[in-house]
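Data first, discussion second: the structure below is written as structure tokens.
What follows draws every value from the coordinates through simple rules; no lab data is involved. Because the structure is predicted, anything quoted here is derived from the model rather than measured. As a convention, Cβ positions derive from the backbone with ideal geometry for all residues, glycine included, and neighbour counts pool all protein chains shown.
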Amino acid sequence: MHEQTFTPKGDGIATRWPHLKRFLYVNNSDVCVDDYPGWHFAVERNAPPKAELAAAYDEWADYYAWCLTQRTDLADDRIKRHIVEGWSDSMVYCCQRSAARVRGEELGEWLPQHERRPDLAAEGKAIMAELTVP
């Protein structure tokens, strides 16, 4: 388990995501780090009440969306930004669906990323077109 070492940038993490606070910390370089696998393992072993589990999944979705907004290093790297945005979108989507499933909501069909985020699909195609030489 990681020891929480909150720095000024890390202030508020424990209050913003109370169900996750044991699994989030800010390291010495002010980068927020998570232990999602550790959280998942703990949930599997401890089986929290459904309302608590759904709230935790909602917090993970919010956390991954927030992490993307913190990535200022992506501003000048279009390809890296595209990859990280796609990964973040997938994590948010999966966590939101997991929260809905735990609450007993009707999930509907799984939507592939290219359908729910056609902007990401178009950007990926544009990047590939620029990288490939006919």
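For the chain, what is the calculated [θ] at 222 nm in deg cm²/dmol (nearest 500), taking -39500 (n - 2.57) for each run of four or more DSSP H residues and dividing by its residue count?
-19000 deg cm²/dmol
Applying the Karplus parametrisation 6.51 cos²θ - 1.76 cosθ + 1.60 with θ = phi - 60° to the phi angles of segment 85-91, what ³J(HN,Hα) value in whole Hz is obtained for each residue in order, glycine and proline being reported as x?
So the J values, rounded to whole Hz, are 5, x, 5, 4, 4, 5, 5.
In degrees between 0 and 90, to the nearest 10, how far off the longest principal axis of the chain does helix 118-131 point, with axes built from Cα atoms?
Its long axis makes an angle of about 50 degrees.
Between residue 130 and residue 50, with labels modelled 7 Å along Cα→Cβ, what's the label distance in nm to one decimal, could you check?
So the two model labels end up 4.7 nm from each other.
What distance in nm separates the simple spin-label points at residue 15 and residue 84, each placed 7 Å from Cα in the Cβ direction?
If labels sit at residue 15 and residue 84, their model points lie 2.7 nm apart.
Quick one: longest stretch of the chain between exposed loop chymotrypsin sites (Phe, Trp or Tyr not before Pro), exposed meaning at most 15 other C-beta atoms within 10 Å and loop per DSSP?
Formally, the longest exposed-site-free interval is 7-109.
Please work out the C-alpha center-to-center distance from segment 30-76 to segment 98-122 and express it in whole Å.
18
Spelling out what I want: for every residue of segment 14-20, take phi, set θ = phi - 60°, compute 6.51 cos²θ - 1.76 cosθ + 1.60 (Karplus), and round to whole Hz; glycine and proline get x.
Values, residue by residue: 5, 8, 6, 10, x, 6, 10 Hz.
Once you have the Cα-Cα distance between residue 40 and residue 65, take 0.36 nm times their residue separation minus that, and quote the gain in nm to one decimal.
Here the answer is 7.1 nm.
Amide H neighbours of residue 25 under 5 Å, at least 5 residues apart or on other chains, H built in the peptide plane: list them.
Answer set, sorted by chain and number: 33.
Total Lys pairs in the chain closer than 24 Å by alpha-carbon, pairs eight or more apart in sequence or interchain only?
So the count works out to 4.
Dividing the convex hull volume of the Cα atoms of the chain by its residue count, what figure in Å³ per residue is obtained?
Per-residue hull volume (Cα only) is 133 Å³.
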